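Here is the structure we will look at, set down as structure tokens.
The values are calculated or read from the model by the stated rules, or taken from the named source; none is laboratory data. Keep in mind the model is a prediction, meaning the values are calculated, not measured. Here Cβ is always computed from backbone atoms with ideal geometry, including for glycine, and neighbour counts include all displayed protein chains.
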């Protein structure tokens, strides 16, 4: 359940917040690689090479499921 204090805090946020300063996100670049498996194309997203990669830091997606958000504007 949302309290009035939560709503008040939400309303104090700027309409276009800075992702790092206002929201506390740690932005990072990811590398995208095309790969083929069993005749199907997939995209593999990996953290930038200047970071130590953990075994579970990757995303595999079908190209139809990925879009460039800048193209959506």
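Within segment 6-17, restricting attention to residues that are in a loop (DSSP other than H, G, I, E, B) and surrounded by 10 or more Cβ atoms within 10 Å (Cβ to Cβ), the residue that is farthest from the chain's Cα centre (by Cα) is 13.
Cβ separations smaller than 8 Å between residues 6+ apart or across chains give the following pairs from segment 51-69 residues that are on the phi < 0 side of the Ramachandran plot and surrounded by 10 or more Cβ atoms within 10 Å (Cβ to Cβ) to residues that are in a loop (DSSP other than H, G, I, E, B) and at pLDDT 75 or above: 51/28.
Of the residues in segment 24-56, how many are over 30 Å from residue 14 (Cβ atoms), modelled with pLDDT of 80 or more and part of a loop (DSSP other than H, G, I, E, B)? Can you show your working first?
Looking only at segment 24-56, we keep the residues that are over 30 Å from residue 14 (Cβ atoms), and these are 31-44, 46, 49-50, 52-56.
Now drop any that are not modelled with pLDDT of 80 or more, which leaves 31-44, 46.
Narrowing further to those that are part of a loop (DSSP other than H, G, I, E, B): 38-39.
Count: 2.
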